[in-house]
């Protein structure tokens with residue numbers, strides 16, 4: 001049985017485009033997300049945080065570390 005060890009939130013912002021027109025991004029990570037917090041709550045917090053930033057949001061990610069053995 002697997003066990004979640006820790007979780008972090010990542011918000012990827014669009015910072016512009018390169019000379020070929022491909023978007024450039026920057027990812028900001030926040031550690032210490034409680035493992036028992038639901039994905040809906042994490043997304044809600046991320047949306048409020050992203051709204052305070054001047055840049056457009058490209059993605060919101062939750063990264064969980066699991067113990068498999």
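No lab work stands behind these numbers, since they all come straight from the coordinates. Computed from a predicted model, the values in this text were never measured in an experiment. Cβ: placed from backbone, ideal geometry, glycine included. Neighbour counts: every protein chain shown.
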Quotient of Cα radius of gyration and Kirkwood radius for the chain, i.e. Rg/Rh, equals 1.09
Length gained if residue 15 through residue 27 is fully extended, taking 0.36 nm per residue and subtracting the Cα-Cα distance, is 3.3 nm
Relative contact order in percent for the chain (Cα pairs under 8 Å, 6+ apart) equals 51
Rounded to one decimal in nm, the spacing of the 7 Å Cα→Cβ label points at residue 64 and residue 4 is 0.4
What helix-only [θ] at 222 nm does the chain give? Using -39500 (n - 2.57) per DSSP H run of at least 4, over all residues, to the nearest 500, the answer is -6000 deg cm²/dmol
